[in-house]
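Okay, structure first, notes after.
The values are calculated or read from the model by the stated rules, or taken from the named source; none is laboratory data. Note that the structure is a prediction, hence the values are computed from the model and not measured. Counting neighbours? That spans all protein chains shown, and the Cβs are built from the backbone with ideal geometry, glycine included.
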Amino acid sequence: MINRLRPYQKEIAIAVLESVFYHKGGTFSVEIARQGGKNELSAQMELLLLTLFMSSSKNLIKCAPTFKPQALISMARLKDRLNDAGFYNIWTAEQGYIIKLGYCRAVFLSAEHSSNVVGNTAHLLLEIDESQDIDKDKYSKDFKPMGSTTNVTTVHYGTAWDDTTLLEEVKQHNLELERKDGIKRHFRYDWQEVAKYNPDYLSYIEAEKERLGENHPLFRTQYCLLPIQGGGGLFDNQQKAQLQGKHPRMHRPQKGRT
């Protein structure tokens with residue numbers, strides 16, 4: 001099934017699965033333009049791990065900012081891939097958030113503030129979906145420890161937003177490590193890379209660029225994967241500078257002037 005992935009998806013899968021199989025405990029950050037196939041990549045890796053470890057009582061865990069709809073969407077995709085692979089009527093669902101193949105489980109959890117997830121263990125893989133939308137403290141307190149006794153491989157998926165997010169923090173740390181040892185831990189594929197393999201996607205992006213403008217924050221973050229600097233405020237530093245002038249500050253409106 002991995003052979004059906006696009007080249008940029010394969011590059012990520014090879015790095016992640018090597019870390020899993022050789023028990024390296026790597027942490028990866030993955031930025032793929034919106035609708036570029038990150039969830040398909042995730043489901044394909046989950047399918048492979050469930051298949052290879054179906055005789056073992058081990059877990060892989062995937063969390064998302066919300067259970068409904070985000071985690072449920074990931075569950076549905078994995079079920080489809082299991083069926084495609086011939087496991088229809090073989091895999092089972094448990095408790096509304098677990099998919100089981102043999103003895104191996106894929107556990108899907110919410111990363112909302114109110115979610116109670118402590119106590120789960122990630123043996124094979126820990127996936128953080130839409131990492132830019134997950135609270136840093138929630139991740140550090142509840143999810144990161146899930147792999148502490150297993151040296152689990154962790155993958156953060158998402159798109160850019162601003163320079164304060166969990167994903168951006170992991171990304172910058174990975175880039176720093178890569179500068180030291182040359183090992184690639186951060187993977188980034190913007191809309192141009194995705195469009196090489198999907199003409200329909202290219203048509204959609206061109207329409208979005210026309211609709212929003214290529215400098216619109218949503219286009220820049222979701223498709224160009226360029227984070228907003230300065231914590232995601234309404235104006236970036238360049239725009240703030242353009243608003244500055246040499247006129248004195250006024251504390252009240254002046255009569256007859258606008």
- Message: When the residues of the stretch 194-220 are narrowed to those that are touching a residue at least 60 places away in the same chain (Cβ under 8 Å) and in contact with a Lys or Arg (Cβ under 9 Å, 6 or more places away or on another chain), which ends up surrounded by the fewest Cβ atoms within 10 Å (Cβ to Cβ)?
- Response: Tyr197
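Which one of Ala71, Ala85, Ala93 is out of contact with any Ser or Thr (no Cβ under 8 Å at 6 or more places or on another chain) and among the hydrophobic types (A, V, I, L, M, F, W, C)? Can you show your working first?
Details: Ala71 fails: out of contact with any Ser or Thr (no Cβ under 8 Å at 6 or more places or on another chain); Ala85 fails: out of contact with any Ser or Thr (no Cβ under 8 Å at 6 or more places or on another chain).
Selected residue: Ala93, the only one of Ala71, Ala85, Ala93 that is out of contact with any Ser or Thr (no Cβ under 8 Å at 6 or more places or on another chain) and among the hydrophobic types (A, V, I, L, M, F, W, C).
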- Item | Subset of the stretch 146-182 that is over 27 Å from Leu218 (Cβ atoms) and without any contact (Cβ under 8 Å) to a residue 24 or more places away in the chain - its residue that is surrounded by the most Cβ atoms within 10 Å (Cβ to Cβ) | Leu177
- Unmet criterion (only one of (1) under 15 Å from the mean Cα position of the chain (by Cα); (2) loosely packed, with under 14 Cβ neighbours inside 10 Å; (3) not hydroxyl-bearing (Ser, Thr, Tyr)) for Arg188: (2)
- Item | Residue, nearest to Glu127 (Cα to Cα), within the stretch 59-98, restricted to residues that are β-branched (Val, Ile, Thr) and more than 16 Å from the chain's Cα centre (by Cα) | Ile98
- Message: Every residue in the stretch 107-139 that is over 20 Å from Asn59 (Cβ atoms) and not in a loop (DSSP other than H, G, I, E, B), please.
- Response: Gln132, Asp133, Lys136, Asp137
- Task: Among the residues of the stretch 31-58, write down those that are closer than 19 Å to Ala122 by Cα and among the basic types (Lys, Arg).
- Result: Lys58
- What residue, among those in the stretch 156-185 that are hydroxyl-bearing (Ser, Thr, Tyr) and assigned to a loop (DSSP other than H, G, I, E, B), is nearest to the chain's Cα centre (by Cα)? Thr159
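Quick check on Asp133: is it at pLDDT below 95 and surrounded by fewer than 24 Cβ atoms within 10 Å (Cβ to Cβ)? Before the answer, list the steps.
Working: at pLDDT below 95: no; surrounded by fewer than 24 Cβ atoms within 10 Å (Cβ to Cβ): yes.
No; evaluated as a whole, the condition is false for this residue.
Is the stretch 147-155 home to any residue that is at pLDDT 95 or above, over 20 Å from Ala15 (Cβ atoms) and not in a helix (DSSP H, G or I)?
Taking the stretch 147-155 as the starting set, the residues that turn out to be at pLDDT 95 or above are 147-155.
The next check asks that each one be over 20 Å from Ala15 (Cβ atoms); those that pass are 148-149.
From what is left, the residues that are not in a helix (DSSP H, G or I) are 148-149.
Yes, because at least one residue in the stretch 147-155 is at pLDDT 95 or above, over 20 Å from Ala15 (Cβ atoms) and not in a helix (DSSP H, G or I).
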- Return yes when Leu47 is in a strand (DSSP E or B), touching a residue at least 24 places away in the same chain (Cβ under 8 Å) and aliphatic (A, V, I, L, M) and no when it is not. no
